1. Determine whether Y391 is touching a residue at least 60 places away in the same chain (Cβ under 8 Å) and either out of contact with any Leu (no Cβ under 7 Å at 6 or more places or on another chain) or charged (D, E, K, R) (or both).
2. Within the stretch 1-42, track down each residue that is closer than 16 Å to K59 by Cα, touching a residue at least 60 places away in the same chain (Cβ under 8 Å) and either of a type in the set (K, R) or open to solvent by 20 Å² or more (accessible area, probe 1.4 Å) (or both).
3. Could you run through the stretch 112-128 and say how many residues are open to solvent by less than 40 Å² (accessible area, probe 1.4 Å) and outside any loop (DSSP other than H, G, I, E, B)?
4. Restricting to the stretch 260-297, give me the number of residues that are of a type outside the set (S, T, N, Q) and within 25 Å of the chain's Cα centre (by Cα).
5. When residues of the stretch 148-164 are filtered for being open to solvent by 70 Å² or more (accessible area, probe 1.4 Å) and assigned to a loop (DSSP other than H, G, I, E, B), how many remain?
6. Here is a check on your reading of the model: is Y280 surrounded by fewer than 22 Cβ atoms within 10 Å (Cβ to Cβ) and closer than 30 Å to L500 by Cα?
7. Residues of the stretch 553-571 being assigned to a helix (DSSP H, G or I) and either hydrophobic (A, V, I, L, M, F, W, C) or surrounded by 22 or more Cβ atoms within 10 Å (Cβ to Cβ) (or both), which ones?
8. Got a number for residues in the stretch 401-418 being surrounded by 17 or more Cβ atoms within 10 Å (Cβ to Cβ), under 19 Å from D129 (Cα atoms) and among the small types (G, A, S)?
Amino acid sequence: MQLEAVKTVNGAVLVLAGAGTGKTRVLTSRVAYIVSNEIADISRILAVTFTNKAANEMKERVVSMLEGSYSNLHHYSEGIWIGTFHSLALRIIRPYHEKFGRSARFSIVDGDDQLRIIKKILKDTKIDDKKYTPKSMAYYINKWKDLLHSAEIAKKIAKKFTNEEIAARVYDIYTDVLISLDAIDFGDILYYCMEIFKSNKEILNYYQEKFKYIMVDEYQDTNTIQYIWLRSLSMSHGNICCVGDDDQSIYSWRGADIDNILKFEDDFKNTKVIRLEQNYRSTGNILNTANGLISNNIGRMKKSLWTESENGLPVFIKSLINPYEEAFFISNLIINKNKNGIKYEDMAILVRTAFQTRVFEDRFLILGIPYKIIGGLRFYDRKEVKDAIAYIRLVVNINDGVAFERIVNSPKRGIGVVSINKFYSISKEKNISLTDAARIVCPTKLSDFFALIEKWRDLSETLAPYELMKVILEESGYTESLRIRNTVEDDGRIETLNELVNSLKNFDNIIEFLDYIGLVLDNAEQVGTDKITISTIHAAKGLEYQTVFIPGFEENIMPHQKAIEEKGDLGIEEERRLCYVAITRAKKETYITFCNSRNGFFSNHYYDITSLRTSPSRFLRDLPKSSTKIL
């Protein structure tokens, strides 16, 4: 089937490549086949990937495969069109800069620059940036660009008296600001490319003729504008080969549209569908478990992974009392496996949400198990955790200048860099603490802030540490600022803060907690490369390990409550695909665990610390008994 995918070069081809079936090899071999058989020059092939790393790997493999049979290849380095959507579209639009009002040397602003520009627009137009945050405004602007909506269209379709209406106004001003800065943002790259194609048929015709063969990796992750861009370029000849796996479509929150792959046969005439189902990674029992799970999804193109390898061990399922017992059970397994010759780097813990990592990190630090986090920071290195700890530090010691500087304007209290510099100047001049200097410089602006610190200090004498943290996070306005922004990232931060509150139940007083944190941070740096991986499932896609642990197999975590609330059955199907991705990361062993009780992280109040009875994930019913074993 791989060979068929490589040699079927003409017309529309959809390669449904299951996990571990060698799709990268197919793509690179396909490019090499077309070039080495003189079907087309390499400069007439467009190969699109999603990451620079994947693009570079593909380019290196193609060059390696063609060396010797294509002696002039290195002279064609500029003519090799293998890259990400944005890098390739940027190459196309550079020569036509005047058509979107930029000079030949226009710059590209990154995400941070975009937020800074939007923040200034909000300030200049006197729009409340607490209610209408730069992040929320950027979210709408980027979404509209991905849907090919101009600022004028956005103003027409935005719902009245909502954040959308404000964002449309900001979008209009933001567009003019970028022109004045001779800059574009990432969303503009494909947006302007499509604008050029729509208004200049001769340019579109040129690139349609130039790229006789188009290949796309991870097609299930494409969004609206990427889909339209690919269709536009392939329309004249129809030679497009898309490789993807609808069962691994897990990025809808980033704009990915699974319908792009599900409707491929409707969009491209006479499509040939080739299924890569032989898996070269996992044992039979792991694949049978994954197949049984994903077969319950309705919105999918049917395929079933198989292997010539042995069935191996069953997928183990274990019920535990609470998250601490779960961490204890998994960490003991890891230690035993390591003693029996399995390297730490060959094992991974894959979690649904970032807050789950805390109990494992604490346990690993106690036991001296080296670990690394993929797709995020260590629990105690996350901004929201450091901010919360800084509040506690200030309650304990009002003269803690480092903690004060960190949170005096978090959430925003109108204290900027200029004010902080004044605090330092007065502190040095009068030989007083930074907080005393702040009282002198901003006596009115910070009066409520210092009053709260004093109140919390009094409460610390009577409240348990976790109760005090709940009060601080609510009364400071910190969690409220995250709720107002209401982004996916901020929802994750709220979950993380709730887990921090949960962790404080293990301490009798806040001094004991701060001493522990000091030791944790001191021991956090670990030398060597042999480390176990802790990763979210989203970040682990494309990776593989000998042994995989999947904790938190419970309702409200897997599937996640928010996915169910926002998307209903579609959300449940995407959550099931996440499970499928997690299980298929394993080569030889998979352990699935769930808890009978967990602190109320999913409460609407976010800080309901009561230990709640939990239900096993509905997905456990999807796992076939023949390939699983309950421990």
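The values are calculated or read from the model by the stated rules, or taken from the named source; none is laboratory data. Keep in mind that what you see is a predicted model, and the values were worked out from it rather than measured. Here Cβ is always computed from backbone atoms with ideal geometry, including for glycine, and neighbour counts include all displayed protein chains. The area values use the complete protein model at the heavy-atom level, side chains included, leaving out ligands, DNA and RNA. Shrake-Rupley method; radii C 1.70, N 1.55, O 1.52, S 1.80 Å.
1. Working: touching a residue at least 60 places away in the same chain (Cβ under 8 Å): yes; either out of contact with any Leu (no Cβ under 7 Å at 6 or more places or on another chain) or charged (D, E, K, R) (or both): yes.
Yes, satisfied.
2. At the first step, the residues of the stretch 1-42 found to be closer than 16 Å to K59 by Cα are 23-36, 41-42.
Adding the requirement that they be touching a residue at least 60 places away in the same chain (Cβ under 8 Å) leaves 23-24, 26-27, 30-31, 34.
Answer for the stretch 1-42, where residues must be closer than 16 Å to K59 by Cα, touching a residue at least 60 places away in the same chain (Cβ under 8 Å) and either of a type in the set (K, R) or open to solvent by 20 Å² or more (accessible area, probe 1.4 Å) (or both): K23, T24, R30.
3. Step one: filter the stretch 112-128 for residues open to solvent by less than 40 Å² (accessible area, probe 1.4 Å), giving 114, 117-118, 121-122, 127.
Applying the additional criterion that residues be outside any loop (DSSP other than H, G, I, E, B) yields 114, 117-118, 121-122.
Looking only at that region, the number is 5.
4. Filtering the stretch 260-297 down to residues of a type outside the set (S, T, N, Q) leaves 261-269, 272-277, 280-281, 284, 286-287, 290, 292-294.
Going one step further and asking which of them are within 25 Å of the chain's Cα centre (by Cα), we end up with 261-262, 281, 290, 293-294.
Total satisfying the criteria: 6.
5. Kept after step one, since they are open to solvent by 70 Å² or more (accessible area, probe 1.4 Å), are these residues of the stretch 148-164: 152, 155-157, 159-161.
The next check asks that each one be assigned to a loop (DSSP other than H, G, I, E, B); those that pass are 159-161.
Number satisfying all stated conditions: 3.
6. Numbers: surrounded by fewer than 22 Cβ atoms within 10 Å (Cβ to Cβ): yes; closer than 30 Å to L500 by Cα: no.
In short, no.
7. In the first step, residues of the stretch 553-571 are kept if they are assigned to a helix (DSSP H, G or I); the result is 561-567, 569-571.
Within the stretch 553-571, A563, I564, L570 qualify.
8. 1
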